[in-house]
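So the structure is just underneath, and the comments pick up after that.
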Amino acid sequence: MPALTFSSVSKSFGSSEVISDFTAEIPDREFLVLLGPSGCGKSTMLRMIAGLIDISSGDLLFDGRRVNELEPRERNIAFVFQSYALYPHLTVRANIAFPLLMDRFRWWQHIPGIWSIERRRAMRLPEVARKVAEIAEIMELTPLLDRRPKTLSGGQRQRVALARALVRDPSIYLLDEPLSNLDAKLRSQMRIEISTMYQKVGKTFVYVTHDQVEAMTMGTRIVLLDGGIIQQQGTPTEIYERPANAFVARFIGSPA
Ligand code: ADP
Ligand code: MG
């Protein structure tokens, strides 16, 4: 079963339609890149997947279930933005542990017999510590665990943000231009790190970018959007070798 299924998904803000008739299937464990120029609707797509905004029409299925019938926590999504949004007063360790600690302190988890599924999700403190250590190892943050964000480089901060996304073992990772605030050298390094993380965790990724190099090097599959309309979808090689139209050829830089 595909991780995500979009059937004729459209989204309008007032009278302007920013996503039109988006139909695609994202198989489980795919690294899907949503690619397109600024303003084409990429972030809107991610926000619909995350359930942060409603779809206007069509169907968006999560493992075969309608997205709006699921509680946000049932979707178990990790969302990484371009601004790292770390807590400046907390150490790296506490930043990474934060989502797990929040799980423990949700008031309704303390009502006996209710929300038993949710209650089971809250980790005990030694488990939290073990999980943080494991994730820090994967993201090569172990030597930095006691530092605070302001003493870290941009790339290190982004790694902490990724680590924080990892701790809950999400089934889907949504990343919205996570590298766009980094310089070119760091960007190419982080491309490799995110690809490595994808291979290690073996989950579904939806990665938004306007950068065709990121799309071609990281994606197992690409959906190219322009003006809210899918121009082409396929593997990087398919799109590069057989661009569907002049826009695709120009955007990807294929031999025309
Ligand atoms: P991208 O992420 O590809 O740059 P967005 O999804 O952010 O594009 O935006 C697509 C279009 O939708 C843009 O024209 C933007 O102005 C518009 N848009 C996005 N969010 C809203 C909103 N909340 N209200 C009105 N228009 C919006
Ligand atoms: Mg955007």
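Okay, here's what the table says:
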read-out: Filter result (within 13 Å of ligand 1 (Cβ to nearest atom) and surrounded by 19 or more Cβ atoms within 10 Å (Cβ to Cβ)) within segment 216-229; value: Val223, Leu224, Leu225, Gly228
read-out: Residue in segment 5-28 that is in a loop (DSSP other than H, G, I, E, B), of a type in the set (D, E, K, R) and either touching a helix residue (DSSP H, G or I) at 6+ places or on another chain (Cβ under 6 Å) or within 16 Å of ligand 1 (Cβ to nearest atom) (or both) present; value: no
read-out: Complete set of residues in segment 20-47 that are within 13 Å of ligand 2 (Cβ to nearest atom) and over 11 Å from the mean Cα position of the chain (by Cα); value: Leu35, Gly36, Pro37, Ser38, Gly39, Cys40, Gly41, Lys42, Thr44, Met45
read-out: Candidate set from segment 159-178 (those that are under 20 Å from Ala122 (Cα atoms) and assigned to a helix (DSSP H, G or I)); member that is nearest to ligand 1 (Cβ to nearest atom); value: Ala165
read-out: Complete set of residues in segment 198-213 that are more than 13 Å from the chain's Cα centre (by Cα) and assigned to a loop (DSSP other than H, G, I, E, B); value: Gly202, His210, Asp211
read-out: Residue satisfying all of: in segment 1-48; crowded, with 19+ Cβ neighbours inside 10 Å and of a type in the set (Lys, Arg); farthest from Ile230 (Cα to Cα) among these; value: Lys11
read-out: Test for Asp146: is it charged (D, E, K, R) and either surrounded by 14 or more Cβ atoms within 10 Å (Cβ to Cβ) or within 19 Å of the chain's Cα centre (by Cα) (or both); value: no
read-out: Pair list, Cβ under 9 Å, 6 or more apart: segment 7-31 residue free of Cβ contacts under 8 Å to residues at least 24 places away in the same chain, other residue assigned to a strand (DSSP E or B); value: Glu25/Leu4; Glu25/Thr5; Glu25/Phe6
read-out: Residue match in segment 201-210 (condition: among the hydrophobic types (A, V, I, L, M, F, W, C), closer than 20 Å to Ala133 by Cα and surrounded by fewer than 21 Cβ atoms within 10 Å (Cβ to Cβ)); value: yes
read-out: Filtered residue count, segment 214-256, keeping only those that are assigned to a helix (DSSP H, G or I) and either more than 20 Å from Gly39 (Cβ to Cβ) or of a type in the set (Asp, Glu) (or both); value: 11
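None of the figures in this text is laboratory data; all of them are computed from the coordinates on show. Given the structure is predicted, the values throughout are model-derived calculations rather than measurements. So basically every Cβ, Gly included, is an ideal-geometry build from the backbone, and we count neighbours across all protein chains shown.
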